[in-house]
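Data block below; observations after.
Throughout, read-outs are computed from the coordinates displayed, never taken from laboratory work. Model, not experiment: these values are computed from the prediction. Ideal geometry is used to build each Cβ from the backbone, glycine not excepted, and the neighbour counts take in all protein chains shown.
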Amino acid sequence: MTVAASTVAPTRHRRKLTVSEISGKTAAWIVMILFALFSVIPMSWLILAPSKNQVELQSEAPMSFGSFQGYIDAWNNLMVFQDGRLLTWLWNSIWYTGIQVVVASAVALLAGYALAATRMPFRKSLLITTLIAMIVPQVAFVFPLFIEITTLGIYDTAWAIILPGTFFPFGVFLAYIYFSTTIPPELYDAARIDGSGDWGVFWRVALPLSKGLIGMLAFFSFQVNWINFFLPYIVVTSGDVLTLPVGLGILFSSTPALNPQVGANVLPIRGPEIALAGLLVAIPILLVFLASARLLVRGVLAGSVKS
Amino acid sequence: MLKHRARLMGQINGILMFLPYLILLITFAIIPIVLAISVSFETSLTNPNGGFGNYLFVLQDFRFLPAVLNVSLFLALYLPAMLIVVAGLSLLLDTIQAKYSVPLRLAYLVPAGITGTVAILVWYFMLEPSYSPFAALFAEVGWTEGNDLFNTSNLVWIFALMTFFTGAGNWIVIQYGSLQSIPDELLEAARIDGANVWQVAFRIKLPLIRKYLVYMLILVMAAGLQIFVEPYLISSSVYPGIAKDWSLNQLAYTFAFLGSNLGAATALSLMLLIVMIILALFVIFRTDFFDEAKGKIKEAR
C-alpha cells in the first residue's frame with residue numbers, strides 16, 4: 001500500500017451538470033440517507049429503551065426519551081440478578097479481552113515482521129498456512145478446541161476463553177503486509193548497515209513506524225474477542241467465569257425480559273433492563289468502530305493488495 | 001564466511017520472532033484438528049465399528065438435510081444482499097466528495113455494534129410489533145402480532161436481516177476505502193473518453209474492486225455457514241424451540257451436549273471445516289487476491 005495514494009483524494013474534475021445527472025444525484029443521496037437512517041435506528045432505540053420503564057416501553061412512541069432516572073432504575077434492577085453477577089461478567093470481559101488484545105497484537109507484530117523482513121526458512125508455506133487459518137472462521141474450530149480444552153484440563157477456567165483468542169492469523173497477515181509494503185525495505189537495510197541486528201531493526205525502525213498497524217491489530221482483535229459467544233459458551237459453565245455476551249444470553253433465557261414463561265413476577269428484569277445490559281456489550285464495539293473509521297477507510301483491503 | 005554467519009543469525013532471529021505465533025498456530029489450530037479427527041474416528045456406543053461411522057450417522061440423521069437447506073437458503077438471501085448493497089452503496093459514496101460522506105460513513109458503522117448476542121436482542125424488539133419503531137409499517141402489511149413475523153417460514157429472512165445489518169455497513173466503508181485508492185488519472189481518462197458516471201462506476205470502478213468483493217463474499221460465506229448464535233438464542237429464549245437444530249452448528253451442538261455424542265459433533269464440524277479450507281484454498285490459489293502477498297516472499301528469496 002502506498003499511504004500517499006490512499007489518503008489524499010484530490011478534488012475531481014468539475015463541470016456543468018445535466019438534468020439527468022442532477023436527478024441521478026438526488027436519487028443517490030436519497031438511497032444513501034435512507035440506508036444511514038436504517039443503520040442508526042436500531043442502535044438509537046437501544047440507547048433510548050432503558051430511559052423508559054416496561055409499560056412506557058410499549059405504550060410510548062418507540063423513539064421517545066423517558067427520563068435519566070430510567071437508566072438508574074434499570075441498573076438497580078439488573079443488579080438484583082444473582083447479586084450483581086453482571087458486574088462480574090463485565091469485569092471478566094474487560095480483563096480477558098485486555099489480555100487477548102495485548103498478546104495477540106504483540107505476537108502478530110513479531111510474526112509479521114519475521115515473515116516480511118528476516119531470512120526465516122519456510123516463509124512461503126507458513127504464510128499460506130496463515131492465510132488459510134485467517135479465512136476459516138474461528139467458529140469452525142469450536143468443537144475441536146472444546147476437545148483440546150477438556151484434554152488440557154482448563155475446562156471451565158478463564159484460560160479456556162482467553163488462550164484461543166490470542167491466536168490471530170489475520171493480525172499476522174496485516175503485520176506482514178504492513179512490514180513488507182508500507183515500510184520501504186531500504187530502511188531495514190540501512191539500519192543493518194549501521195550495525196543493527198534483526199531485533200534492533202525491529203525495535204528501533206519497524207515498531208516506531210507502526211502506530212497505524214498497532215491500532216488496526218488492536219481494533220480487530222478487540223472486535224472478535226469482545227463479542228465472542230460460541231466458544232466461551234461451551235467451554236465455561238460457572239457463572240463467575242463467564243463473559244458479558246454469554247451472560248447476556250443467559251439473561252435472555254432465564255429472565256422474563258425475552259422469555260415471559262420464566263419467573264414472570266420474580267425478577268425485575270424486563271425490556272429496559274435487558275436493553276441496558278445489551279448496551280454494555282454494544283457501546284464499546286460502537287466506540288471502537290467509530291474511532292477506527294479512518295483506519296477502515298484507509299483501506300484494510302487496499303493495504304493487502306495494492307502496492 | 002562472515003556473510004554466511006550473518007545469514008544464519010538472520011534465520012535464527014526470524015525463527016525466534018515467529019516462534020510465539022507458531023506455538024499458538026500449532027496449539028489452537030493444528031492440534032485441535034488432529035484431536036478432532038481422532039475423536040471422530042474413535043469407536044463408541046454410537047459408532048461401534050469406528051471408521052466413518054460417525055460421518056454416516058451425521059449424514060443420515062433426519063435433521064441434517066433440513067439444516068443444510070436452511071443454511072443454504074440463508075446464504076442465498078444473505079450473500080446477494082451483501083454483494084448488491086455493499087457494491088452499490090460504496091460506489092454511490094465514491095461519487096460524492098469525501099468530506100460530505102463522513103457522516104454517512106459513520107452512520108453505516110453504527111450497526112457494527114449490534115452483533116452476536118446484542119443483534120438478537122435488538123432485532124427481537126425491532127420486529128416485535130408492540131415495541132418496534134417500524135410497527136406502523138408492519139401494520140400496513142398486516143403484521144400486528146409477534147407471531148406474524150416470528151414464525152418458522154420467516155426465520156431465514158430474520159437471520160439474514162440480522163447478519164446483513166451487522167456486517168454490511170463496515171464492508172461498505174472498507175470497499176469505499178478501496179475505491180478511494182483508484183488513481184484519479186484513470187477515472188479522468190475515462191471521463192475524457194466520454195464515459196458518464198454510470199459507465200465509470202460499472203466499467204471501471206467495479207472491475208477494479210471485483211477481487212475485494214469476491215474476497216468479502218468468501219469471508220462472509222465462511223462465517224454464514226457457521227451460523228449458530230442467532231437461531232440458538234432465539235430458540236432458547238423468545239420463542240422456545242422455534243429454530244431448534246435449524247443450522248448445522250446447532251445440530252453439532254445438539255449431538256455433543258444433548259446426545260452426548262461428541263464423535264458425531266466433531267465429524268460434522270470437520271466436514272464443515274473441509275468446506276472452509278476448500279474455500280480458503282480457492283481464494284488463495286484461484287483468485288488474484290493474495291498474489292501480491294505471495295509475490296513479496298518470492299522476490300525476497
Fill in the blank from the handout: Largest fluctuation, B:LEU56, B:LEU93, B:LEU45 only, Gaussian network model of chain B with Cα springs under 10 angstrom, belongs to B:LEU45
Completion exercise
With the 8 Å Cα cutoff and a minimum separation of six or more residues, chain B has a relative contact order in percent of 26
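For a quick check: sort B:SER130, A:SER238 by the number of other beta carbons within 10 angstrom, fewest at the front. It would help to have the intermediate numbers written out before the result.
Numbers: B:SER130 14, A:SER238 9.
Going from sparsest to densest Cβ surroundings: A:SER238, B:SER130.
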Problem - Candidates B:PHE74, B:PHE289, B:PHE228, ranked by Gaussian network fluctuation over chain B, Cα under 10 Å, top entry - result: B:PHE289
Exercise for the section: Please work out the Cα convex hull volume for region A:186-232 and give it in Å³ per residue. Expected result: 92
Handout entry: GNM flexibility winner over chain B from B:ILE174, B:ILE31, B:ILE284 (Cα, springs under 10 Å)
Key = B:ILE31
Practice task
May I ask which of B:LYS99/B:LYS205; B:LYS3/B:LYS294; A:LYS124/A:LYS211; B:LYS211/B:LYS296; A:LYS25/B:LYS99; B:LYS99/B:LYS294 have a Cα-Cα span longer than 24 Å here?
Solution key: B:LYS3/B:LYS294; A:LYS124/A:LYS211; B:LYS99/B:LYS294
Problem - the protein assembly as shown pair-distance distribution - Cα-Cα, 10 Å bins, rounded % - result: 3, 15, 25, 26, 19, 9, 3, 0, 0
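With each run of n ≥ 4 DSSP H residues scored as -39500 (n - 2.57), what mean residue ellipticity at 222 nm is computed for chain B after dividing by its residue count and rounding to the nearest 500 deg cm²/dmol?
Values: 15 runs with 208 residues, N = 301.
The per-residue figure over chain B is -22000 deg cm²/dmol.
When the convex hull of the Cα atoms of chain A is projected onto a plane and the area is averaged over all directions, what value comes out in nm²?
Working: hull surface 90.9 nm².
Across all orientations, chain A yields a mean hull projection of 22.7 nm².
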Exercise for the section: Using the Kirkwood radius over Cα pairs, work out the Stokes-Einstein diffusion coefficient for region A:92-248 at 10 °C and 1.306 mPa s, in µm²/s as a whole number. Expected result: 94
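With a ≥ b ≥ c taken as the square roots of the eigenvalues of the C-alpha gyration tensor of region B:192-290, please select rounded if a/c is under 1.5 and otherwise prolate if a/b is larger than b/c or oblate if it is not?
Working: a/c = 7.06, a/b = 2.12, b/c = 3.33.
Verdict is oblate for region B:192-290.
Can you pull the Kirkwood radius for region B:64-244, inverse mean 1/r over Cα pairs, to one decimal in Å?
So the Kirkwood estimate lands at 18.2 Å.
Return the average number of partner chain Cβ atoms within 10 angstrom of each residue Cβ along peptide B:165-178.
Values: counts 3, 1, 0, 3, 5, 6, 2, 4, 7, 7, 3, 3, 11, 10.
For this peptide, the per-residue mean of nearby foreign Cβ atoms is 5.
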Completion exercise
One finds the C-alpha centres of region B:50-116 and region B:180-216 to be spaced, in Å, by 25
